[in-house]
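Please read the structure below before turning to the comments.
The values are calculated or read from the model by the stated rules, or taken from the named source; none is laboratory data. Owing to the predicted nature of the structure, the values given are computational and were not obtained by experimental measurement. When we count neighbours, we look across all protein chains shown, and the Cβ atoms used for this are built from the backbone with ideal geometry, even at glycine. To get the accessible areas, we keep the full protein, side chains included, count just its heavy atoms, and leave off ligands, DNA and RNA. Shrake-Rupley method; radii C 1.70, N 1.55, O 1.52, S 1.80 Å.
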Amino acid sequence: AIVESLGGLGLPSGLKILEPSVGDGAFLREMRQRWVGDHYTLVDIDETVIRRLRRKEKSEGAGNVSLRAMDFLSLAASLIRDGRETFDVIIGNPPFIRSRNFTAKLKTSMAAVAQAMDYPRPQLKNTWAAFLASGARLLSPQGVMAFVLPYELITVAYGQEALRRLVP
């Protein structure tokens with residue numbers, strides 16, 4: 001439904017598309033039916049997921065996909081600091097991990113992305129909020145972002161902070 005909605009926007013060809021938590025590649029399958037010649041950057045923290053997608057891409061012979069097995073928030077912090085790479089479409093279903101369940105590595109990534117964006121670290125209480133905020137910073141000027149987000153986006157203070165930063 002998300003890809004179908006984006007398809008109705010009349011997006012041009014030649015898009016740079018980012019999926020920051022690719023998982024099983026469901027969005028990619030749908031996007032490829034709509035945007036054939038575009039470039040896809042697919043990120044997932046799970047190396048197994050990326051290896052599986054690499055095998056699939058190799059068998060299909062597609063050369064327009066960049067696969068990165070890494071923590072998206074670390075990548076986002078780096079890209080935001082660098083300020084050179086943006087994306088025309090950012091789409092995904094970010095992980096929903098509450099701060100009390102953050103690993104030490106995730107805490108470091110959250111701090112890095114907060115610092116890169118000058119975002120109050122205490123307001124990033126869930127990974128979806130960090131994905132949303134960093135995704136917004138990585139959009140090209142006419143870019144479009146489409147995420148599956150929880151209802152708490154509008155019901156908790158840190159969700160409202162994220163909305164205030166997205167819609168001034």
**OP:** Take the Cα gyration tensor of segment 1-73, multiply each eigenvalue by 5, square-root it, and list the three semi-axes largest first, rounded to whole angstrom.
**Re:** 21, 14, 11
Subject >> Calculated on alpha-carbon atoms, Rg and Dmax of segment 58-108 in Å >> reply: 14.4, 42
**OP:** Read phi for every residue in segment 20-30 and hand back ³J(HN,Hα) as whole Hz from Karplus 6.51 cos²θ - 1.76 cosθ + 1.60, θ = phi - 60°, with x for Gly and Pro.
**Re:** x, 8, 5, x, 7, x, 4, 5, 4, 4, 5
Subject >> Which of 91, 116, 126, positive extreme of dipole for segment 29-168 (C-beta unit charges) >> reply: 126
**OP:** Counting helices only, and only those DSSP H runs with n ≥ 4, report the 222 nm mean residue ellipticity of the chain as the sum of -39,500 (n - 2.57) divided by its residues, in deg cm²/dmol to the nearest 500.
**Re:** -13500 deg cm²/dmol
Original post:
Tell me which aspartates and glutamates have Cα within less than 17 Å of residue 56's Cα, excluding those fewer than 8 residues away on the same chain?
Top reply: 19, 24, 30, 44, 46, 47
Subject >> In degrees, nearest ten, helix 47-60 long axis to first principal axis of the chain (Cα) >> reply: 20
**OP:** Calculate the tail of P(r) for the chain: the fraction of all Cα-Cα distances greater than 20 Å, expressed in %.
**Re:** 50
**OP:** For residue 146, list long-range residues whose amide hydrogen, built 1.01 Å from N in the peptide plane, is under 5 Å from its own amide hydrogen.
**Re:** 90, 91, 92
Original post:
Once you charge only the Cβ atoms, +1 for Lys and Arg and -1 for Asp and Glu, what is the size of the charge dipole of segment 1-148 about its Cα centre, to the nearest 20 debye?
Top reply: 440
Original post:
Put +1 on the Cβ of every Lys and Arg and -1 on every Asp and Glu Cβ in the chain; which of 77, 27, 147 then has its Cα farthest towards the positive end of the dipole?
Top reply: 77
Original post:
Counting only residues 5 or more places away or on other chains, whose amide H sits under 5 Å from the amide H of residue 140 once H atoms are built in the peptide plane?
Top reply: 87, 88
**OP:** Order these peptides, 93-102, 127-136, by their mean beta-carbon neighbour count within 10 angstrom, highest first.
**Re:** 127-136, 93-102
Subject >> Residues with amide H under 5 Å from that of residue 40, placed H, sequence gap 5 or more >> reply: 17, 65, 66
**OP:** Quick one: angle between helix 157-166 and the longest Cα principal axis of the chain, in degrees between 0 and 90, rounded to 10, please.
**Re:** 50
Subject >> Nearby lysines by direct alpha-carbon distance to residue 105 (threshold 27 angstrom, same-chain neighbours under 8 apart not counted) >> reply: 125
Original post:
How much area per residue is accessible in the chain when the probe is 1.4 Å and only protein heavy atoms are counted (Å²)?
Top reply: 52
Original post:
Which lysines have a Cα less than 30 Å from the Cα of residue 58, not counting those fewer than 8 places away in the same chain?
Top reply: 16
Subject >> Between helix 127-137 and the chain: long-axis angle, C-alpha atoms, 0 to 90°, nearest 10 >> reply: 70
Original post:
When the accessible area of segment 1-135 is computed with all protein chains present and a 1.4 Å probe, what percentage of it is carbon and sulfur?
Top reply: 49
